[in-house]
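The values are calculated or read from the model by the stated rules, or taken from the named source; none is laboratory data. Just so you know, these numbers come straight off a predicted model, no measurement behind them. Methodologically, a virtual Cβ is constructed for each residue, glycine included, from the backbone with ideal geometry; neighbour enumeration extends over all protein chains shown. To get the accessible areas, we keep the full protein, side chains included, count just its heavy atoms, and leave off ligands, DNA and RNA. Shrake-Rupley method; radii C 1.70, N 1.55, O 1.52, S 1.80 Å.
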Amino acid sequence: MGDKEIYRLNDDISFRKCFLFDDDKLTFGDCTNFSTLERNWRTYYSCNQDGIHFHCTAHPEIELGIVDTSYSSVVYQCPKCRKNIEIENPRELKSRCLRMLNIPEFKDAKLVRLDDWYVHEIKERKKDESGYWITTNVKTDKDGDTIIVVYVGHKDSSEKAQFFIKPEKGQLTSDHKDMDPAKVLSKIEVYFKGRTLIQEYDN
């Protein structure tokens, strides 16, 4: 019994996930508002409140009861303190609870910028005996096309040249905010289907 968890929503309402929160089951557990359905000759229990049950914040061990309902609102009451709590939008109240439950689930989620690139699919780094290094990333842009990002640098400098190869679009570009490619390359050739792009650099 010590593993039960009740989450505080505000000064009036707290909530919990019942036994049927994730799925229909063969027993109702601690759910207090359920319905039954027959499936494969067996009786399954389903929570009528989407697995969310409201409790009194002042008396968290006590589940709130419904004392009045209208077309769009519900009045809850704690049987102990007799305080009425009117909720104008019960569905939104459940959504608030679900959003709170999602916070720890997504706390360490990877942030993906849909207006830029998706997370890299392939990443490789190689270092030449001369001291130069090259790193490649294969990404996807917002149009769903492939972008091969090539970084080239030298071990004695933190600067790098950056190139963008777009196979579907047949493009080769570089980032002018980075190091001048002529410091690390004399020429770059990219072979696409039906065409070859060559860029040469002078010191």
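Could you list, in sequence order, all residues of segment 141-175 that are over 24 Å from T196 (Cβ atoms), open to solvent by 20 Å² or more (accessible area, probe 1.4 Å) and not in a loop (DSSP other than H, G, I, E, B)?
To start, the set of residues in segment 141-175 that are over 24 Å from T196 (Cβ atoms) comprises 142, 144, 153-160.
Within this subset, residues satisfying the condition of being open to solvent by 20 Å² or more (accessible area, probe 1.4 Å) are 142, 144, 154-160.
Within segment 141-175, H154, K160 qualify.
For segment 126-135: of the residues being open to solvent by 40 Å² or more (accessible area, probe 1.4 Å) and of a type outside the set (A, V, I, L, M), which is modelled with the highest pLDDT?
Narrowing segment 126-135 to residues open to solvent by 40 Å² or more (accessible area, probe 1.4 Å): 126-130, 132, 134.
So of that shortlist, the ones also of a type outside the set (A, V, I, L, M) come out as 126-130, 132.
Values: K126: 56, K127: 54, D128: 54, E129: 57, S130: 64, Y132: 79.
Only one residue fits best here, namely Y132.
Under the condition of being out of contact with any Phe, Trp or Tyr (no Cβ under 8 Å at 6 or more places or on another chain), at pLDDT 75 or above and basic (K, R), the residues counted in segment 180-203 number 2.
Of all residues in segment 158-177, those being at pLDDT below 80 and among the acidic types (D, E) number 1. Report the residue count in segment 62-72 for those that are open to solvent by 20 Å² or more (accessible area, probe 1.4 Å), in a loop (DSSP other than H, G, I, E, B) and in contact (Cβ under 8 Å) with a residue 12 or more places away in the chain. Of the residues in that region, 2 qualify. Taken over segment 73-85, the criterion of being over 19 Å from C97 (Cα atoms) and touching a residue at least 60 places away in the same chain (Cβ under 8 Å) is satisfied by K83 alone.
Name the residues in segment 1-57 that are charged (D, E, K, R), open to solvent by less than 70 Å² (accessible area, probe 1.4 Å) and assigned to a strand (DSSP E or B), would you?
Within segment 1-57, the subset charged (D, E, K, R) is 3-5, 8, 11-12, 16-17, 22-25, 30, 38-39, 42, 50.
From the residues that got through so far, the ones that are open to solvent by less than 70 Å² (accessible area, probe 1.4 Å) too are 12, 16, 24-25, 30.
Within segment 1-57, R16, K25 qualify.
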